[in-house]
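Engineer: So that we are looking at the same thing, I have put the structure below in structure tokens.
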Amino acid sequence: MEITLPMSNGGDYVVNPSKIVALGLNYLEHIKESQSVDVQNFTEEIPTEPILFPKTPNVLIGPGEPIILPAFLGEYGFTNCRTDHEAELAIIIKDRVKNLSADTAMNHILGFTCFNDISQRNLQKGDKSGWYRGKSLDTFGPIGPVIVTPEDIGDPQNLKIECRLNGQVVQSSNTRQMIFKIPEILTFISKNFTLEAGDIIITGTPSGVGPLQDGDVIEVEIENIGILTNPVKAE
């Protein structure tokens, strides 16, 4: 799925990653939500290295496009069918890299943007294969509204991050609260996988995640980037 977004330094960029690598449990306050989120491998234990999982490129939608709650979920008869919002800072990789070092990792970032890591909790909890399916349903990756270059972002490790559901603040934190900082994240991921130009890394969500319903409007706002807004619709 290709999404065209404006760049802060002019022009447009076609977002078309070979992969999306996501971090789980990268904010301490979100870890403390483990009991209410209630999915497998989500505990109050603080990770000793970044926890990685994939989102597939079919999740990508742009600003204003609807997040679709799939009709097939009704076939399961879940007592509480829960699909959550997760506000996150996204990093887009500039070039093909492997085995980055922490002191040079930031040189390989094309830009930063907002991301909403939509997560289907029942599938996350029940699928024996883990989080794969619950994180990668169609439309489960809103991104935008603009890609801000490293030169324009300021300090990416000190940005206010907020999520609003129907105008009410539900998540509010700062990227300085990340357990694993951006150079460490890039170093760890590139040790495991070759990163290609255009790949997306999403850096984890703060506390306050919660369910979405048909008719909701969800906003992710990150300081120096802007507001990513998407409606929610039942299929």
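Engineer: Just a yes or no: is a residue in segment 51-66 more than 24 Å from PRO142 (Cβ to Cβ) and modelled with pLDDT under 95?
Structural biologist: Restricting attention to segment 51-66, the residues satisfying the condition of being more than 24 Å from PRO142 (Cβ to Cβ) are none.
No, segment 51-66 contains no residue that is more than 24 Å from PRO142 (Cβ to Cβ) and modelled with pLDDT under 95.
Engineer: Right, next: All but one of (1) more than 21 Å from THR139 (Cα to Cα); (2) in contact with a strand residue (DSSP E or B) (Cβ under 8 Å, 6 or more places away or on another chain) hold for ILE222; which doesn't?
Structural biologist: With (1) more than 21 Å from THR139 (Cα to Cα); (2) in contact with a strand residue (DSSP E or B) (Cβ under 8 Å, 6 or more places away or on another chain) applied to ILE222, the lone miss is (1).
Engineer: In the list ILE161, ILE182, which residue meets the criterion of being more than 18 Å from ASP84 (Cβ to Cβ) and of a type in the set (A, V, I, L, M, F, W, C)? I'd like the intermediate steps shown before the answer.
Structural biologist: On the way: ILE161 fails: more than 18 Å from ASP84 (Cβ to Cβ).
Exactly one of ILE161, ILE182 is more than 18 Å from ASP84 (Cβ to Cβ) and of a type in the set (A, V, I, L, M, F, W, C), namely ILE182.
Engineer: A further question follows. Considering only residues that are touching a Leu at 6+ places or on another chain (Cβ under 7 Å), surrounded by 17 or more Cβ atoms within 10 Å (Cβ to Cβ) and in a loop (DSSP other than H, G, I, E, B), which ones fall in segment 47-61?
Structural biologist: Scanning segment 47-61 gives a single hit, PRO50.
Engineer: Among the strands (runs of 3 or more DSSP E) contained in segment 90-198, which hold 3 or more residues that are of a type in the set (Phe, Trp, Tyr) and crowded, with 20+ Cβ neighbours inside 10 Å? Before the answer, list the steps.
Structural biologist: Values: elements: 109-116, 141-148, 160-165, 168-174.
So the answer is none; nothing clears 3.
Engineer: What are the pairs, 6+ residues apart or on separate chains, where a residue within segment 81-92 that is basic (Lys, Arg) has its Cβ under 8 Å from a residue that is assigned to a strand (DSSP E or B)?
Structural biologist: ARG82/GLN120; ARG82/PRO211
Engineer: Next question. Looking at segment 209-222, which of its residues are assigned to a loop (DSSP other than H, G, I, E, B), in contact (Cβ under 8 Å) with a residue 60 or more places away in the chain and crowded, with 16+ Cβ neighbours inside 10 Å?
Structural biologist: VAL209, LEU212
Engineer: For segment 47-62, how many residues are touching a residue at least 60 places away in the same chain (Cβ under 8 Å) and over 13 Å from GLU2 (Cα atoms)?
Structural biologist: So the count comes out to 7.
Engineer: Within the set of pairs 6 or more residues apart or between chains, which connect a residue that is among the hydroxyl-bearing types (Ser, Thr, Tyr) inside segment 18-36 to a residue that is modelled with pLDDT of 85 or more and in a helix (DSSP H, G or I) with Cβ atoms less than 6 Å apart?
Structural biologist: TYR27/GLN177
The values are calculated or read from the model by the stated rules, or taken from the named source; none is laboratory data. No experiment lies behind these values; they were computed from the predicted model shown. Every residue, glycine among them, receives a Cβ derived from its backbone with ideal geometry; neighbour counts consider all protein chains shown.
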